[in-house]
1. So what's the range 114-250 giving for Cα Rg divided by 2.2 N^0.38 Å, two decimals?
2. Suppose we flag GluC sites (Glu not before Pro) only when DSSP calls them loop and at most 15 other Cβ atoms lie within 10 Å. Which is the longest uninterrupted stretch of the chain?
3. What number, rounded to the nearest 500 deg cm²/dmol, is the helix-based mean residue ellipticity at 222 nm of the chain, given -39500 (n - 2.57) per DSSP H run of at least four residues and division by all its residues?
4. Show me, for the range 243-253, the HN-Hα J-couplings you get by feeding each phi into the Karplus relation (A = 6.51, B = -1.76, C = 1.60, θ = phi - 60°), rounded to Hz, glycine and proline as x.
5. When you have a sec, figure out the Kirkwood radius of the range 68-121 from all distinct Cα pair distances and drop it here in Å to one decimal?
6. With everything on Cα atoms, drop me the angle between helix 74-85 and the longest principal axis of the chain, reported from 0 to 90° to the nearest 10.
7. Using only alpha-carbon positions, what ratio does the radius of gyration of the chain give when scaled by 2.2 N^0.38 Å?
8. Of the trypsin sites (Lys or Arg not before Pro) in the range 181-217, which ones lie in a loop per DSSP and count no more than 13 other C-beta atoms within 10 Å?
Amino acid sequence: MTQIIDGKQISKELKDELKEKVTAYRAQGIEITLAVIQVGNDKASSVYVGNKKKACEYIGIHSLSYELEEHTTEDELLDLIRRLNGDDKVNGILVQLPLPKHINEDKVIETIDAKKDVDGFHPMSVGALSIGKKGFISCTPYGIIELLKRSGTDIEGKECVVIGRSNIVGKPMSMLLLRENATVTVAHSHTKNLKEVAKRADILIVAVGKPLFINHEYVKEGAIVIDVGIHRDENNKLCGDVDYEDVFPHVSAITPVPGGVGPMTIAMLMKNCVNAVEIQK
Ligand code: NAD
């Protein structure tokens, strides 16, 4: 029978564990603070920011909110980040992406103090991950490892295929799987014979950004499929990069959309905020 990997439930368990940890820190006089910066009022970004603040509230992390006008200059944003870098009370700094076109995202990410980079996007964090050092890890792939482990999947020695090589999902995903001793293949838009490559996978991780792109022809019988994609179909219903109905009878486990990877991303952001206390010691 196919197992549905329940990201909602697993993220709830994780958030409850983090809540306990935060309470224990508070008893030692340690308060955790996350600064959340949003530039402009992109609707989707506002929803994400709202959900992040709600998660902070649930866990007991103090959140500072900076809602900046769309026409905020790059210098103004960088000045705010530098101020927060220098504020000892702030443990984590998150700048909601995407930013308006006149602001250079790379410059913004690189200005955040690597010790407060709770999104795990800073080159120092990425470098630390690639050489197995302590540091912040990009929340979505970090959450996928947690989903696999907590749903009882042994990753060691498994053939893992990651479709997608973005800086925030595909690349860190491949590094994390390597860290777990998997054999990892990264496929992308230039990969030849994608179906054959994907069919090698015991664990197939799909982050292509194309709705319903993967059907059963890409999946080995009995594989575990993790769907990172999130889209709205023509009926405004949420769907992933994987054609869930088509793939379901062929796999041993799969994440649904919604309720799979999505809830884990925010839970792992909270975990990074809690980890910040140790990283900043
Ligand atoms: P991206 O667009 O940056 O990267 C997509 C990757 O897919 C690229 O590396 C590209 O090479 C590869 N690709 C594109 N077409 C391909 C093809 N035909 N064959 C093989 N590979 C192909 O996207 P991303 O930021 O990595 O996000 C991927 C998806 O995951 C999106 O739908 C995004 O919305 C979703 N996402 C979800 C969460 C979450 O929390 N659930 C977080 C981040 C991203």
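The values are calculated or read from the model by the stated rules, or taken from the named source; none is laboratory data. For clarity, every value in this text was computed on a predicted model and none was experimentally measured. Cβ sites come from the backbone with ideal geometry, for glycine too, and all protein chains shown count toward neighbours. Accessible surface areas use protein heavy atoms only, side chains included; no ligands, DNA or RNA. Shrake-Rupley method; radii C 1.70, N 1.55, O 1.52, S 1.80 Å.
1. Normalised Rg, Cα atoms only: 1.05.
2. The answer is 71-155.
3. -12500 deg cm²/dmol
4. 7, 3, 4, 6, 7, 2, x, 9, 10, 8, 7
5. Roughly 11.4 Å, rounded to one decimal.
6. Value to nearest ten degrees: 80.
7. The value comes to 1.01.
8. Hits after loop and neighbour filter: Lys192.
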